[in-house]
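Beneath this line is the structure, given in structure tokens, with notes to follow.
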Amino acid sequence: MPAPANRVVVDPHSLRRLITAMADLRETAQAQARLLSAHVDATRIAGDTPARLRAAHAWADQDITMLRRRLALAEAADPGTTGPLPPAALRGVPDLYDTAEQARAAGRSLADRLLRPDPDRRDRSRLADLAAALSGRAADPDFVTGFYDRLGPSALAGLLHQVLGAREPGAARHGEEIIGRTLASYSRLRRLDASWLGRFNSRRRDDQVETSLLGPLLRHGRFASALLARLGELLFGTGDGSLRDVGLQAGPGGPAARGAAGIRGAGGAGDAGGDRLSREAFGSALLRAIAADPELAPTFSTRHLPQLLHASRAQSADVPAGLRPAGGWRAPELETARTELVAAAGGAEARLARPGAARQFVAQLVDVVAGAGPSEVSPRMRAAYGEVLHAWRDDLYAAVVSPLPPDPAALDAPGLGREPRQWAALLRESLRGGASAPLLAADAVAVGAGIDQRAWEQTRGYNGPGAAHYPASPRALAYHQANEVTTFFGTALSETAERVLREHATRQEEHRLRTAVMIDILAEVAKSIDFTSVVRTLTNAARGLTVEIVEDRVRRATAHLPTAGSQAVLADLRAGLRAIPGWQSRYRASVADMWRHRDGDPLRPVVVQLPGGGTRHYTGDPRADGFVTGPANDFTGPGGEPMDVARMNREQRTAYAAWLASPAIVANNDRLPAVLTAPPADVVPGWAPGWARSAPAGKVPPG
Amino acid sequence: MTGPGAPTGEAARPNRHREAVEAALAAATDGRVRLADAFHRLFAVADEGGWQGRAASDWRRQAEQARTATLGTVDAFADACRRSLAGQPEWVPADDPRARHPGPALPAGGR
């Protein structure tokens, strides 16, 4: 399919294979040239065959260089993508240069033109030409490198003063977009270290950073993680002290013609919310850029989590207005960006890009929020907590349903080694914002349903014809775990509601409006939960509830919003929940007791059907059943009984947990109903299903 | 020295030059196949359309010219070998320089 004229279409994946084919051809031509040259010499047959083959080799060699450069251009057009890249559409300008050096030289030449003295600053076409030239070559890494290498940070700061101070807002926006895109590329191609940053000012100092000039640029490209991290340390005042953030400079050496005030006023059209060259605008843009970098967001946020949460708490209504800190990373204007960073650091993308760092961030978030107790962070921060909990819902509920006590050092274990009460603290803090409540309710229902489904799949057919009667269903533990999930969420919801109700009773009028709306929302969520269906829960709940919708409801609330109905709903919820503290240790003890008496009271095997056909025979013996496979994961001590869980290593704990939940162990545990106190309906003590009653006593199923 | 047409005179020797030309023809035939395959793979990838535009069209034209020139020169060498073989006897007198020819070129370690 022919491409339009003056347009280049490059599929990097296909181009890579073309380069490989070209390299094969080059090697073949070279080998044949050598071989036929020897035969020409041997036969003395005149001809130019070897020379022509060497020419083919040289042609292939030269074109490989050209194709590799084209590939670099295409990849620079979409540097964030890994693996097979989509076709990149590049305007035909990169075809101007055949070699990287030609492109770099052209970039240097453009910078030279800008560096030429222009004392009157009247060369308007110079800036327009710059924008046009850079715009056409933004995807050419060699041109960009040549340009910024020659320009240097100080001249770049001076250039930005001119561009951002352009009298026509359209020109300023275009200029900042082009410089933003190309500077982002440059930051990934070169290491913009403290020395470079220290010279990024219009006064030719080597220790000052005009950070405000970067604010408008950061959203136009993907800047190098190292540069963003360095700027972040500067923002939080945690750098090495060698650099000083001077925001925006004015006066001699700076924007001489207009001064900082002049460029502040320019180019701001459409940028609602004030000064786009302020320190706050830079801070917001920087935190958003870090949030958009899944490699950096979790590590950076882990380092600065206490500050991020402190800044959010400092803006709350509990802090008198006069005492609320302003400026720098604490500024209230940065709150939205702070919450976006928290959500991104614990989000799905960060988890995929940096699993270890993301786990560490979420574990720290759980620790910090649980350690701080109930606190006043912004509704947006509560929504960010909700997004994190949604992304990590399997870990949240793994902590709740694990029969083992958490191992705080085991960050890579399900539940991140955090205690259920710690996760509950984060859940309550999120629910208090209201906006995340429907989503988190749906998560609880989904996780409970998943546990149920997996238990069915793993013990499929256990009660088929010929099966014996067991004291308990091999699914009993899973049933209990599913109940635990819903109980855990319901408890968090009702405790949150009770706290809001208490606040409603004690707060001033203006805050009563907010708490009344919150009670309403939590009651709606409580009513909407259908633990048998995720779909129904989401349908019942206010889907897509956002911070904005909640805030709108608060604004529209009347002074006498009745809360009696909602309070009744929440009271019912509270009464319907039964928290069963300590079931895990009781369950482990019951298994140990059963195992200790296995000689006199043998375990009955459980036979289950495997998904691919065939059956699996569970005897209860951790070795025979494949849970203990060697000394590394042998969790048994003297007498073959499980050792103290505190003394087990990681592998032993994993094997022990799997054994505790295995069908024969669960199914033979006649203490189970008493241990768990809330038995599933089909395993009531004293009751046995029909298939069990008809089985001959003591008969062991085949298999 | 028992093949058909082998001379019976004690002075007859194998034509070593002819053997060299035969080996050169075999190498040229094999080399042509290898080069044609390499070009075929190159154009097959290029035909996928992963690179389009004016420069791609120019490159395609150059590549086709390179194929024509490369295969053409190997064909010309093979033809020259065939012509040379047509005028050469398998056996030559012992004092013929072709009997003292070092023979086929040794494989150069390449393909």
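The values are calculated or read from the model by the stated rules, or taken from the named source; none is laboratory data. Worth saying up front: this structure is predicted, and the values here are computed from it rather than measured. In this analysis, Cβ positions are derived from the backbone assuming ideal geometry, glycine residues included, and neighbour counts consider all displayed protein chains.
Looking at B:Asp47, B:Asp75, B:Asp58, which one is at pLDDT 90 or above and of a type in the set (Asp, Glu)?
Matching residue, one of B:Asp47, B:Asp75, B:Asp58: B:Asp75.
Out of A:Arg586, A:Arg604, A:Arg623, which single residue is at pLDDT 70 or above, over 23 Å from A:Asn463 (Cα atoms) and in a loop (DSSP other than H, G, I, E, B)?
One residue alone meets the criteria, A:Arg623.
What number of residues in the stretch B:48-80 are crowded, with 18+ Cβ neighbours inside 10 Å and not in a helix (DSSP H, G or I)?
The qualifying residues number 4.
Scan the stretch B:61-69 and give yes if some residue there is within 17 Å of the chain's Cα centre (by Cα) and at pLDDT below 90, otherwise no.
No, there is no match, as no residue in the stretch B:61-69 is within 17 Å of the chain's Cα centre (by Cα) and at pLDDT below 90.
Please verify whether the stretch A:106-126 includes one or more residues that are part of a loop (DSSP other than H, G, I, E, B) and touching a Phe, Trp or Tyr at 6+ places or on another chain (Cβ under 6 Å).
Within the stretch A:106-126 (the criterion being part of a loop (DSSP other than H, G, I, E, B) and touching a Phe, Trp or Tyr at 6+ places or on another chain (Cβ under 6 Å)), the answer is no, since none of the residues qualifies.
What number of residues within the stretch A:39-55 satisfy the criterion of being part of a helix (DSSP H, G or I), facing chain B (nearest Cβ under 7 Å) and free of Cβ contacts under 8 Å to residues at least 12 places away in the same chain? First the steps, then the outcome.
In the first step, residues of the stretch A:39-55 are kept if they are part of a helix (DSSP H, G or I); the result is A:39-43, A:49-55.
The next check asks that each one be facing chain B (nearest Cβ under 7 Å); those that pass are A:39, A:41-43, A:49, A:52-53.
Now restrict to residues that are free of Cβ contacts under 8 Å to residues at least 12 places away in the same chain: A:39, A:41-43, A:52.
Within the stretch A:39-55, residues that are part of a helix (DSSP H, G or I), facing chain B (nearest Cβ under 7 Å) and free of Cβ contacts under 8 Å to residues at least 12 places away in the same chain number 5.
Only one of these is among the aliphatic types (A, V, I, L, M), facing chain B (nearest Cβ under 7 Å), under 18 Å from B:Ala44 (Cβ atoms) and in contact (Cβ under 8 Å) with a residue 40 or more places away in the chain: A:Leu25, A:Leu15. Name it.
Residue meeting the stated conditions: A:Leu15.
How many of the residues making up the stretch A:56-88 are at pLDDT below 80, over 20 Å from A:Ala133 (Cβ atoms) and either outside any strand (DSSP E or B) or within 10 Å of chain B (Cβ to nearest Cβ) (or both)?
12
Does B:Ala27 count as more than 7 Å from chain A (Cβ to nearest Cβ), buried (at least 19 other Cβ atoms within 10 Å of the Cβ) and out of contact with any Lys or Arg (no Cβ under 8 Å at 6 or more places or on another chain)?
No; evaluated as a whole, the condition is false for this residue.
Go through (1) buried (at least 24 other Cβ atoms within 10 Å of the Cβ); (2) at pLDDT 85 or above for A:Asp206 and report which single condition fails.
With (1) buried (at least 24 other Cβ atoms within 10 Å of the Cβ); (2) at pLDDT 85 or above applied to A:Asp206, the lone miss is (1).
For residues in the stretch B:86-111 being assigned to a helix (DSSP H, G or I) and buried (at least 16 other Cβ atoms within 10 Å of the Cβ), which is nearest to the other protein chains (Cβ to nearest Cβ)? Please lay out each step first, then the result.
We begin by selecting, within the stretch B:86-111, every residue assigned to a helix (DSSP H, G or I); these are B:86, B:97-100.
Filter once more, keeping what is buried (at least 16 other Cβ atoms within 10 Å of the Cβ): B:98-99.
On the way: B:Arg98: 11, B:Ala99: 15 Å.
Step by step, filter the stretch B:86-111, then rank; the result is B:Arg98.
Closer than 30 Å to A:Ala72 by Cβ, assigned to a helix (DSSP H, G or I) and at the interface with chain A (Cβ under 7 Å from one of its Cβ atoms), is that true of B:Val45?
yes
Would you check which residues across the stretch A:1-12 are modelled with pLDDT of 60 or more and at the interface with another protein chain (Cβ under 7 Å from one of its Cβ atoms) and list them?
Those that are modelled with pLDDT of 60 or more and at the interface with another protein chain (Cβ under 7 Å from one of its Cβ atoms): A:Val8, A:Val9, A:Val10, A:Asp11.
What's the number of the condition A:Ala157 fails, among (1) buried (at least 23 other Cβ atoms within 10 Å of the Cβ); (2) in a loop (DSSP other than H, G, I, E, B)?
For A:Ala157, the exception is condition (2).
Cβ contacts < 7 Å: first residue without any contact (Cβ under 8 Å) to a residue 40 or more places away in the chain, restricted to the stretch A:180-209; second residue of a type in the set (S, T, N, Q) and in a loop (DSSP other than H, G, I, E, B), any location; separation 6+ or different chain. Result?
Listed by first residue and then by second, the contacts come to A:Asp207/A:Ser242; A:Val209/A:Asn201.
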